[in-house]
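To keep things clear, I will list the structure first and then write my remarks on it.
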Amino acid sequence: MPQPPPTTNQDAPPEVVVSLAAPAFNEEQAIEAVVEEWKQTMDHWGIRAEFVICNDGSTDRTAAILNQLQARLSQLRVVGGTQNQGYGHALTAAIQACRGQYIATIDSDGQFDPAAIVDFLKAIQADGADGCVGYRVKKGDTLLRVAADRCLNVLVRLLFATHLRDTNCALKVVRRDLLQSIRLESTGFPLPTEICIKLQARGARLLERPVQHRQRPSGESKLKVWRTGWRTFRFLLYLRARARLYRAGLLQDF
Ligand SMILES: Nc1nc2c(ncn2[C@@H]2O[C@H](COP(=O)(O)OP(=O)(O)OP(=O)(O)O)[C@@H](O)[C@H]2O)c(=O)[nH]1
Ligand SMILES: [Mg+2]
């Protein structure tokens, strides 16, 4: 069983090893089974975990289901308001509310097997790394989505000289103190990529592990490929400009 690392963070409850941080928007068909799967997996491996979900303005029964789940699962905390502010905004709110030694970012639609988090924690512990990021094998997506992700990874490598294979894979485990200290700006789908770029700029040592990616079991995708692609492109150029100013000493924070 992965043990918590030594921490200097006084406010960290030492008993929580990992906080699963996830956004949820209109996931009424999946959310209960997903949270149950998280709990069963963490219990099976004897890992003390908490689940932090940001639901911002779902128009279906997601909020009601989460309320019922919260009443019987003490590890579950739900954050977020009534106004929908986007994937990145929601995931950042969940990250900021986490209290475990590590934060595992994950989607709430059931596309990722939570057992991968156990695998990541073991790898981090064996290596002493700061975090571990997933790369999706046999991606459960359409050809267009797979192609778009490949283009994104090439672009990120060119602009930021990163060695990482799948920066926009939502599944990552990172030391909480490190992740919470990073200024995250993306309110949309580029957030997992922004996390990788900024961790790398901090000199974080990151491992990579393969993760299975299931097809969305139910509900609807919130990602519109062309719109997201264009917004991601603009955001990466903005980040690149900031990175240059930071390296030139003209910005205090990247
Ligand atoms: N709170 C919140 N969650 C969101 C928002 N947009 C997406 N999500 C959640 O973020 C996760 C990823 O969104 P998806 O639409 O599944 O995106 P994706 O996995 O790239 O797309 P698919 O593979 O088609 O499912 C899911 O758990 C969504 O419920 C949002 O605006 N607010
Ligand atoms: Mg999905």
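The values are calculated or read from the model by the stated rules, or taken from the named source; none is laboratory data. No experiment lies behind these values; they were computed from the predicted model shown. Backbone-built Cβ (ideal geometry, glycine too); neighbour counts: all protein chains shown. Please note that ligands, DNA and RNA were not included when accessible areas were found on the heavy atoms of the full protein model with its side chains. Shrake-Rupley method; radii C 1.70, N 1.55, O 1.52, S 1.80 Å.
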Counting only DSSP beta bridges fully inside segment 124-254, the antiparallel percentage to nearest 5 is 30 percent
Of the convex hull enclosing the alpha-carbon atoms of segment 104-248, the direction-averaged projected area in nm² is 8.5 nm²
Would you kindly state how much longer the chain becomes between L143 and H44 on full extension, computed as 0.36 nm times their sequence separation minus their alpha carbon distance, in nm to one decimal? 32.1 nm
How big is the antiparallel share of DSSP beta bridges in the chain, given as a percent to the nearest 5? 25 percent
Could you look at the chain and say what percent of its accessible area is carbon and sulfur, using a 1.4 Å probe and all protein chains? 52 percent
Once you wrap a convex hull around the alpha carbon atoms of the chain, what is its projected area averaged over all directions, in nm²? 13.1 nm²
Roughly what percent of Cα-Cα pairs across segment 43-143 reach past 16 Å? 65 percent
Highest first, please rank the peptides 181-191, 64-74 by the mean number of other Cβ atoms sitting within 10 Å of their residues. 181-191, 64-74
Accessible area (Å², per residue) of segment 100-202, counting only protein heavy atoms and a probe of 1.4 Å: 35 Å²
Sum of -39500 (n - 2.57) over DSSP H runs of 4+, divided by residues of the chain (222 nm, nearest 500): -13000 deg cm²/dmol
Return the ratio Rg/(2.2 N^0.38 Å) for segment 79-124, where Rg is computed over Cα atoms only. 1.33
Separation between the R72 and A161 pseudo-spin-labels, each 7 Å from Cα along Cα→Cβ, expressed in nm? 5.4 nm
